[in-house]
Amino acid sequence: MSEITEVVESRSTVSKKPIILEGFPDVGLVGSIATSHLVNTLDFEQVGHVESEYFPPMVTIRKGDMYEPVGIFYKNNVYVVTSELPVPVAGVYRIMSKIANWMKSKSPSVILSLGGIPEPERIKLDDPSVFAIPNGKEAAEVLKGLKGIELLNEGFLVGPKAMLLKECRKIGAPAIGLFAQAYYKFPDPGAAAKILTILSTFENMRVDIGPLMESAEKIRVQYRDLMRRTEEEMNRMEKSRELEIPGLIV
Amino acid sequence: MSGEDFLSEVERMEKRMRKISEDIARSVKEFEYSSGCLEPLYEVSETPEEVIVSIDMPGVKKEDISLEATENRLYVDAECRSSISVRKWGVRSQEKTFKRFRKVINLPSSVDPDKAKASLRSGVLKVRFPRKKAGIRIDIE
């Protein structure tokens, strides 16, 4: 039997050099919370989804309607890929490669992979920093237009976001990883809000983060189950390597 | 062991791990729905001197937390200021309300509970335990 992993577009869209955001669950569920807030607040329309036999066989039911748990949303020249499921370690290469190729087919101006970077002392930080990893020169040029970001000069990046940046580089699609300092194992709406503040540089992604912070406690409770599932996958991927320092000097 | 045997053994182990994870996930949800208490997310880390436990309890105030510890366990029980409602699946969907966080956490090594220090910030409780001395220091001449 042939393997099933594909990006399905259920509605056609017209875009020109769009921005594409990716918010798969990861450290502190930063990308998931940020993309969910953006999609809900700006009323994005679901235009597709990602199917893969690596994902558990499930659908999401909301207000009586059925949705795919890994959705693609679109509005105002911005695509958002967001998920209610962590990417299983066995499918990371295949799934992220398919998604990278679909993203490339949209001729994006930039792909932004949103996430968290584990910070053991997060409890002491009122204003987490955001670090960026561009995957090439074109992405680095886009990064110059974003304020309040530090470059991640040394370290490891592990998991779906690492694969997405790598795959995009391989096929010549400009991508930037944007990672806010976050709790490793706790949902972190504060870190997500910081990412959204950075994204507000783009007019079509400007959102009020007030409601997000007001409902932060509720979000932390609601996202506990996804955090547990995500933690299991992070453990399988050796995600804790992100806390280590690279040993090789090139 | 041949390559094929090795791969099937890896697959069997993967399946066993998945089953254990699923059993844990189910037992957490069963505990929550039957007790009306939420099991908080937590993280345990260790340094040579300390065992540090962080517990995520959004919406909880310092005065509503009860903490007890032994050399190997931490018991936490906390009342939420406002109750948390979620819709539960079943034959008919029904709303379930939670008013407490409750958890017993096994510590990875023996600690001195009398010298523990706890702090709460933004709903994250941090408890630091000094490790129990397992031996005496020997100076090298």
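The values are calculated or read from the model by the stated rules, or taken from the named source; none is laboratory data. These numbers come from a predicted model, not from an experiment. So basically every Cβ, Gly included, is an ideal-geometry build from the backbone, and we count neighbours across all protein chains shown. Surface areas here come from the heavy atoms of the whole protein model, side chains and all, with no ligands, DNA or RNA. Shrake-Rupley method; radii C 1.70, N 1.55, O 1.52, S 1.80 Å.
Within segment A:30-60, the residues that satisfy the criterion of being in a helix (DSSP H, G or I) and hydrophobic (A, V, I, L, M, F, W, C) are A:VAL30, A:ILE33, A:ALA34, A:LEU38, A:VAL39. Do we find that A:LEU157 is more than 14 Å from chain B (Cβ to nearest Cβ) and within 15 Å of the chain's Cα centre (by Cα) in this structure? Yes, satisfied. For segment B:49-63, filtered to residues that are touching a strand residue (DSSP E or B) at 6+ places or on another chain (Cβ under 8 Å) and more than 14 Å from chain A (Cβ to nearest Cβ), the residue that is surrounded by the fewest Cβ atoms within 10 Å (Cβ to Cβ) is B:GLU49.
Checked across segment B:5-28, the condition of being among the aromatic types (Phe, Trp, Tyr) and modelled with pLDDT of 95 or more holds for no residue. Of the strands (runs of 3 or more DSSP E) contained entirely in segment A:101-202, not one carries at least 2 residues that are free of Cβ contacts under 8 Å to residues at least 12 places away in the same chain.
Consider segment A:160-188 and keep the residues that are open to solvent by less than 30 Å² (accessible area, probe 1.4 Å) and over 14 Å from A:ASP26 (Cβ atoms). The one that is farthest from the other protein chains (Cβ to nearest Cβ) is A:PRO174.
When every residue of segment A:211-233 is checked against the conditions, none turns out to be of a type in the set (D, E, K, R), in contact (Cβ under 8 Å) with a residue 40 or more places away in the chain, over 20 Å from B:LEU38 (Cα atoms) and open to solvent by 50 Å² or more (accessible area, probe 1.4 Å).
Of all residues in segment B:103-125, those that are closer than 25 Å to B:PHE31 by Cβ have Cβ atoms under 9 Å from Cβ atoms of residues that are open to solvent by 50 Å² or more (accessible area, probe 1.4 Å) and of a type in the set (Phe, Trp, Tyr), 6 or more apart or on another chain, in B:LYS103/B:TYR42; B:LYS103/B:TYR75; B:VAL104/B:TYR75; B:ILE105/B:TYR42; B:ILE105/B:TYR75; B:LEU125/B:TYR42. Among the residues of segment B:7-33 satisfying the criterion of being among the charged types (D, E, K, R) and within 11 Å of chain A (Cβ to nearest Cβ), which is most open to solvent (accessible area, probe 1.4 Å)? Per the stated criteria, the residue is B:GLU11.
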